[in-house]
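The values are calculated or read from the model by the stated rules, or taken from the named source; none is laboratory data. This structure is a prediction, so every number in the text was calculated from the model and none was measured. Here Cβ is always computed from backbone atoms with ideal geometry, including for glycine, and neighbour counts include all displayed protein chains. Calculation scope for accessible area: heavy atoms of the full protein, side chains included, ligands and nucleic acids excluded. Shrake-Rupley method; radii C 1.70, N 1.55, O 1.52, S 1.80 Å.
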Amino acid sequence: GVAHGFGENGAPEPDGLVRPRQVHGVRVMRAHPEGGAGREEADAVISDVPGLAVAVVTADCVPVLVAERDGGRVGAIHAGWRGLAAGVVTEGLGALLREGARPQDLRAVIGPHIGPCCYEVDDPVLDALAARFGARSGAALRPSRPGRALLDLGLLVRLECLQAGLEEVSVAILPSGCTRCDAERFHSYRRDGP
């Protein structure tokens with residue numbers, strides 16, 4: 001009963017949409033009907049206003065849409081490697097929980113993002129993620145060459161959702177492909193630039 005979606009290249013932005021000006025941080029914005037698009041700096045947005053659409057914009061980073069089972073509270077989270085290392089998923093989910101949501105009532109969907117087939121990162125990124133995830137980060141890494149690894153951002157987002165108390169069956173990853181591989185449907189910062 002909650003309207004949702006992940007946009008593709010050329011898709012129009014819905015009227016009345018509230019989304020933050022994203023900065024790869026952990027700040028969570030509470031959406032208001034007069035909020036508009038891109039006015040407030042944050043990387044997650046939550047709302048309990050019926051019919052108010054919230055969103056984030058991504059171009060390889062991970063979009064996460066979250067809703068209570070009854071749709072009473074919703075959120076959208078923008079999670080790149082910097083945000084993940086800083087805890088943006090935990091902050092976004094935590095904001096919903098502080099508003100009264102219960103972990104067992106939350107549903108999360110991880111949207112299209114750069115896949116581990118195309119996302120090679122270096123030691124500084126690996127070190128930042130290891131500081132947050134510890135040994136759990138190993139499951140999301142596949143060594144590629146010295147000092148580098150292919151990274152599965154979606155898996156790290158899933159791990160953060162589970163750590164926050166969401167049930168395994170309540171966290172889905174869309175099997176819609178890699179943003180870098182699918183030039184027809186998605187913009188990719190790694191492929192196309194800004």
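Averaging Cα coordinates gives a centre for region 140-184 and one for region 50-90; these two points are 15 Å apart. Seen from residue 147, the other residues with C-beta closer than 15 Å to its C-beta sum to a net charge of -1, counting Lys and Arg as +1 and Asp and Glu as -1.
Summing Lys and Arg as +1 and Asp and Glu as -1 over all other residues whose Cβ lies under 14 Å from the Cβ of residue 10 gives a net charge of -4.
For residue 35, what charge total do you get from the other residues with a beta carbon under 12 Å from its beta carbon, if Lys and Arg give +1 and Asp and Glu give -1?
Working: positive: 19, 21, 30, 39; negative: 34, 40.
Combined, the nearby Lys, Arg, Asp and Glu give +2.
Whenever you get a sec, compute what percent of the accessible area on the chain sits on carbon and sulfur atoms (1.4 Å probe). Display every interim value, and only then the final one.
On the way: 4910 of 9560 Å².
Taking all protein chains in place, the chain shows 51 percent carbon and sulfur surface.
Available extension along the chain between residue 97 and residue 189 is 29.9 nm, counting 0.36 nm per residue and deducting the alpha carbon span.
Put simply, when 127-139, 39-51, 67-79 are sorted by average Cβ atoms within 10 angstrom per residue, most first, you get 67-79, 39-51, 127-139.
Per residue, how much accessible area does the chain have with a 1.4 Å probe, in Å²?
Values: 9560 Å² over 194 residues.
Here the residues of the chain average 49 Å² of exposed surface.
3J(HN,Hα) couplings calculated from phi for region 102-107 with the Karplus curve 6.51 cos²θ - 1.76 cosθ + 1.60 (θ = phi - 60°) are, in sequence order, 10, x, 5, 9, 8, 10 Hz; Gly and Pro show x.
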